[in-house]
1. I need the full set of residues from the range B:68-114 which are over 23 Å from residue A:142 (Cα atoms), assigned by TED's automatic domain parsing to the domain that holds residue B:139 and among the small types (Gly, Ala, Ser), in order please.
2. Can you find even one residue in the range B:64-73 that is open to solvent by less than 50 Å² (accessible area, probe 1.4 Å) and part of a helix (DSSP H, G or I)?
3. Those residues that are open to solvent by 30 Å² or more (accessible area, probe 1.4 Å) and not basic (Lys, Arg), I need them from the range A:27-51; list them, please.
4. Taking residue B:3 as meeting all but one of (1) open to solvent by less than 30 Å² (accessible area, probe 1.4 Å); (2) in contact (Cβ under 8 Å) with a residue 12 or more places away in the chain, write down the number of the exception.
5. Hey, among B:36, B:23, B:52, which residue is at pLDDT 95 or above and either closer than 14 Å to residue A:132 by Cα or more than 8 Å from DNA strand C (Cβ to nearest atom) (or both)?
6. Of B:158, B:111, which residue is at pLDDT below 95 and aliphatic (A, V, I, L, M)?
7. Filter the range B:70-92 down to residues that are within 14 Å of chain A (Cβ to nearest Cβ) and of a type in the set (Lys, Arg) and give me whichever is nearest to residue B:11 (Cα to Cα).
8. Return the pairs, sorted by first residue and then second, in which the second residue is assigned to a helix (DSSP H, G or I) and of a type outside the set (A, V, I, L, M), the first residue lies in the range A:121-146 and is free of Cβ contacts under 8 Å to residues at least 12 places away in the same chain and open to solvent by 30 Å² or more (accessible area, probe 1.4 Å), the beta carbons are less than 8 Å apart, and the residues are 6+ apart or on different chains.
There are 2 protein chains.
Amino acid sequence: MTLQEGKEQFVQTWGALGSKWGINRTMAQVHALLLISPEALTASEVKETLGISMGNANMNLRALIDWGLIRKEHKLGHRKEYYFAEKDIWKVAQQIIAERKKRELTPIQSVLSELQQIEGEGEEVDSFKKMIDDLAEFSNFADKTLDTVATSDRNWMVNSFMKLLGNKK
Amino acid sequence: MTLQEGKEQFVQTWGALGSKWGINRTMAQVHALLLISPEALTASEVKETLGISMGNANMNLRALIDWGLIRKEHKLGHRKEYYFAEKDIWKVAQQIIAERKKRELTPIQSVLSELQQIEGEGEEVDSFKKMIDDLAEFSNFADKTLDTVATSDRNWMVNSFMKLLGNKK
DNA sequence: CAGAACTTTCAAAAAATATTGAAAATTCAG
DNA sequence: CTGAATTTTCAATATTTTTTGAAAGTTCTG
């Protein structure tokens with residue numbers, strides 16, 4: 001397999017993975033492309049490489065900036081904007097965790113608190129409340145765990161989990 | 001908020017969450033419905049409650065069985081099949097983790113090993129290989145961590161992560 | 001400051017995904 | 001076994017999501 005083939009397969013694979021996780025396939029491909037690009041790229045280069053329209057390239061680049069996964073760069077003497085990705089995979093993971101937590105976990109927690117307020121008594125109400133309580137407890141656990149992971153450095157992560165693995169039995 | 005309203009909002013919310021995570025909205029709603037249903041339900045009841053077709057109900061129920069999140073039950077003297085969900089949220093989480101790991105992480109790891117085989121030399125090849133290596137290392141870490149989480153009981157999970165949180169600083 | 005280069009927006013079109021409904025298959029009571 | 005009840009399948013349809021492309025906006029050079 002040549003470098004070129006490898007890069008293409010990587011972009012495809014990353015795109016497929018993204019779409020399984022509720023992330024736009026093209027956005028994931030743009031991210032993949034920038035991850036393996038040593039140099040910052042222009043929107044036009046992204047457009048050409050992936051065979052997408054300018055508007056599409058632009059929208060997905062902006063979405064990636066919103067996610068904190070890539071940044072813009074002005075090159076002196078150049079008119080165009082250059083885009084480059086955070087290359088440290090551990091930081092990438094932390095950023096994704098932090099964003100999804102903010103976008104999804106927090107709203108769920110607020111819905112769960114509301115649902116804990118339902119009125120009425122009886123077996124049915126109790127069992128509903130039990131499920132909501134369990135979910136709230138679980139999401140609390142997830143919240144704390146993800147916070148810890150998302151604010152830790154790589155060495156801490158690896159060490160702690162290795163310890164965890166060792167302790168288990 | 002009444003029980004009925006609460007149940008409806010829960011089903012809606014769970015459906016919306018699922019669709020953000022690459023899970024069919026209706027499948028997530030069916031799951032939500034069974035999670036908060038003290039009794040096992042027939043496909044017809046699911047169809048009626050969610051206002052979907054029989055075919056759709058059937059397909060999503062089967063998908064949930066494939067995911068190991070619900071099971072069928074034959075009731076003596078009844079012709080119909082009854083469906084019920086695993087209610088222990090920690091087990092549900094473990095099941096989802098185990099399934100997604102099997103369906104997504106494993107295939108990615110195999111692609112990454114292939115990509116480590118690319119030929120050629122030079123700066124560009126080295127930086128590509130570096131990224132692939134980093135991803136492989138990360139996915140290994142994720143694999144082990146998720147394995148640990150997915151095979152542990154709830155108390156072990158809570159305790160360990162609480163320790164982890166305590167140790168951090 | 002004019003206008004070329006580049007970026008952004010967004011309504012319309014295309015593509016991908018989910019749903020229906022009707023037919024086929026299966027199951028089981030009588 | 002028979003046939004009514006129920007479940008399953010899947011091609012056609014509907015819905016949702018993504019992409020395009022053209023127009024508007026912005027920026028910066030000369």
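The values are calculated or read from the model by the stated rules, or taken from the named source; none is laboratory data. Being a predicted model, the structure only gives us computed values, none of them experimental. Counting neighbours? That spans all protein chains shown, and the Cβs are built from the backbone with ideal geometry, glycine included. Remember, those area values only see protein heavy atoms, side chains included, never the ligands or the DNA or RNA. Shrake-Rupley method; radii C 1.70, N 1.55, O 1.52, S 1.80 Å.
1. Of everything in the range B:68-114, those that are over 23 Å from residue A:142 (Cα atoms), assigned by TED's automatic domain parsing to the domain that holds residue B:139 and among the small types (Gly, Ala, Ser) turn out to be B:110, B:113.
2. Step one: filter the range B:64-73 for residues open to solvent by less than 50 Å² (accessible area, probe 1.4 Å), giving B:64, B:67-70.
Checking which are part of a helix (DSSP H, G or I) leaves us with B:64.
Checked against the condition, which is being open to solvent by less than 50 Å² (accessible area, probe 1.4 Å) and part of a helix (DSSP H, G or I), the range B:64-73 yields at least one hit.
3. Selection gives A:38, A:39, A:44, A:45, A:48, A:49, A:50, A:51.
4. All conditions pass for residue B:3, except number (2).
5. B:36
6. Result of the check over B:158, B:111: B:158.
7. Across the range B:70-92, the extreme among qualifying residues is B:87.
8. From the range A:121-146, the pairs are A:138/B:90; A:144/B:161.
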